[in-house]
Every structure is written in C-alpha cells, then in structure tokens.
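Student: Here it is: the structure, laid out below.
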Amino acid sequence: MNERTIFHEIISGEVNSKVVYRDHLVTAFEDIRPKSPVHILIVPNKYIKNLNSIKDTENQKVLLGHMIFICSKIAKIKKIQDTGYRLVMNCNKDAGQEIDYLHIHLVGGKPLGSFLEMKK
Ligand code: 5GP
C-alpha cells in the first residue's frame, strides 16, 4: 500500500519546505521542528516506508549509499563538516519513527552529547 505522508507532499511541492538540496534520487529539506541549529531531512524521491522495506536490489542499495553521500555534501554546504554532525535513521515505533517515509536526519551545529546515553 502506498501510504500518503507529509513527505510525499513536500517532495511533490504541494507543501512548502526549505529545500537545501535536490537531485534525481533524493530531496533534502529543513526539519520543521529542528533539534539543533542544523537539522536536515534527506528523503528518497520515490516512496520507501522505512529500512525494513528496502529490497535486495542494486538500485535500492545504491540509493542508501547515495543518501549517506549526500549527507556529507550537505554537511559541507552547511559548513559543519569540521565541527561535526550526526546521522540518525529511525525505524518503527521503538525508535520513535513519526513519518512513515524513509529519511535520514542530519543534525549538527552544536555539541550533540553522547548518543549512547540512553535509558534502559
Ligand atoms: P521521525 O521521527 O519520523 O524520524 O522524524 C520525522 C521528522 O519530520 C521530525 O523531526 C519532524 O519534526 C519532521 N516533520 C514532521 N512534519 C514535517 C513537516 O511538515 N515539514 C518538515 N519540514 N518537517 C516535518
């Protein structure tokens, strides 16, 4: 089933967002509720629900690599490549995935603390 999400509407241009990068595979835009001074979402142009939905095909594996590569480009565009940044990908409810459309969060622009300080 092709669920319609807000990210579908952002990618199609029906809903406004601050797009920082776009190519034939991905669109990257500012998160509406940023958790850090830089908070960009990198989203495939073609719908994929989450990491569980990735197929064992060359196209989809290339896409995943491309998404991460584009994060490194955006980090340079945002000039946080030297200070540092973090990539986060949530999958399903224990990770708190809110939008059922595959995406990477690129966060940075301030010290982010230890990712591993999480409660049991
Ligand atoms: P998730 O929890 O699914 O990994 O992250 C979804 C992200 O999408 C959240 O950080 C949330 O702030 C962001 N978001 C939700 N709705 C919108 C929207 O309408 N526009 C933008 N730009 N970001 C959104």
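Student: Taking springs between alpha-carbon atoms closer than 10 angstrom, which of HIS103, HIS24, HIS39 fluctuates most in the Gaussian network model of the chain?
Tutor: HIS24
Student: Next question, about the same structure. Can you give me the distance in nm between label points at SER72 and ASP100, each placed 7 Å from the Cα along the Cα-to-Cβ direction?
Tutor: Using points 7 Å along Cα→Cβ, the separation is 3.4 nm.
Student: Order of THR27, THR5, THR83, THR57 from fewest to most other C-beta atoms within 10 Å? It would help to have the intermediate numbers written out before the result.
Tutor: Working: THR27 22, THR5 17, THR83 13, THR57 9.
Ascending Cβ contact count within 10 Å gives the list THR57, THR83, THR5, THR27.
Student: Helix-only mean residue ellipticity at 222 nm, the chain, DSSP H runs n ≥ 4 weighted -39,500 (n - 2.57), per residue, nearest 500. What is it?
Tutor: Numbers: 2 runs with 27 residues, N = 120.
Calculated mean residue ellipticity at 222 nm is -7000 deg cm²/dmol.
Student: If you don't mind, there's one more thing I want to ask. To check my understanding: the extent here is largest minus smallest coordinate of the Cα atoms along each principal axis. What are those three numbers for region 1-99, in Å, largest first?
Tutor: Taking the Cα atoms of region 1-99, the three principal extents are 40, 31, 30 Å.
Student: Lysine pairs in the chain with alpha-carbon atoms under 21 Å apart, 8 or more places apart or on different chains: how many are there?
Tutor: 27
Student: Once you have a ≥ b ≥ c as the square roots of the Cα gyration tensor eigenvalues for region 73-120, tell me rounded if a/c is under 1.5, and otherwise prolate or oblate according to whether a/b is larger than b/c.
Tutor: Numbers: a/c = 3.89, a/b = 1.41, b/c = 2.76.
It comes out oblate by the Cα gyration axes.
Throughout, read-outs are computed from the coordinates displayed, never taken from laboratory work. The structure presented is a predicted model; accordingly, all values stated were derived computationally and were not measured. Here the Cβ is made from the backbone with ideal geometry for all residues, glycine too, and neighbour counts use every protein chain on show.
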